[in-house]
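Visitor: Would you mind keeping the following structure in view while I ask a few things?
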Amino acid sequence: MVSQITQGIKISVLTSFEGTYFKNHKIHFAFSYEITIENHSKDSVQLTSRHWEIFDSLNDLETVDGEGIIGKKPVLKPGEIHSYSSGCLLSSPFGAMSGYFNMINFTSTKKFRVIVPSFRLSAPFALN
């Protein structure tokens, strides 16, 4: 698990290899990840959007931007935690993801960026 705190918001990531799949006559490596967001600040905040950079050792860097996370824009009061799971398919057994969440502080109405620490995606059978 990797974790990082930005402006009182802690992001933790736990990854898992889910298996291989054939899609469009090509093998893909499936990974899941669970993100936990903890509000250690004194203010209520809301996650508004996300930015991901997905590195696949056999492909170009892929950038993904979108509203919220899995269709939600969670609000976290001080001390609250929000977790969600998602996943991605890679063309190789090795990769990584990093990014950030755009958030708004309800007390100051200021927007800020929370860093998601870089996390590795690696199939256990490919490690030595």
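Laboratory data are not the source of any read-out in this text; all were calculated from the coordinates shown. Here the structure is a predicted model, which is why all the values come from computation and not from measurement. Because the Cβ atoms are built from the backbone with ideal geometry, glycine has one as well, and the counts that use them run over all protein chains shown.
Visitor: Inspect region 14-26 for any residue being assigned to a loop (DSSP other than H, G, I, E, B), over 14 Å from the mean Cα position of the chain (by Cα) and among the polar types (S, T, N, Q) and give the result as yes or no.
Guide: Within region 14-26 (the criterion being assigned to a loop (DSSP other than H, G, I, E, B), over 14 Å from the mean Cα position of the chain (by Cα) and among the polar types (S, T, N, Q)), the answer is yes, since at least one residue qualifies.
Visitor: Residues 86, 118, 108: which one is outside any strand (DSSP E or B), among the small types (Gly, Ala, Ser) and surrounded by fewer than 16 Cβ atoms within 10 Å (Cβ to Cβ)?
Guide: 108
Visitor: Still on this structure, I have one more. With the requirement that a residue be assigned to a strand (DSSP E or B) and either of a type in the set (Lys, Arg) or under 15 Å from residue 103 (Cα atoms) (or both), what does region 53-83 give you?
Guide: At the first step, the residues of region 53-83 found to be assigned to a strand (DSSP E or B) are 53-56, 62-67, 69, 72, 75-76, 81-83.
The answer is 65, 66, 67, 69, 72, 75, 76, 81, 82.
Visitor: Filter region 50-67 down to residues that are surrounded by 15 or more Cβ atoms within 10 Å (Cβ to Cβ) and more than 16 Å from residue 31 (Cβ to Cβ), then give me how many there are.
Guide: 2
Visitor: Counting just the residues of region 27-42 that are hydrophobic (A, V, I, L, M, F, W, C) and under 11 Å from the mean Cα position of the chain (by Cα), which one comes out nearest to residue 112 (Cα to Cα)? Steps first, answer last, please.
Guide: As a first pass, look at region 27-42 and keep what is hydrophobic (A, V, I, L, M, F, W, C): 27, 29-31, 35, 37.
Subsequent filtering for residues that are under 11 Å from the mean Cα position of the chain (by Cα) retains 35, 37.
Values: 35: 19, 37: 15 Å.
This residue is 37.
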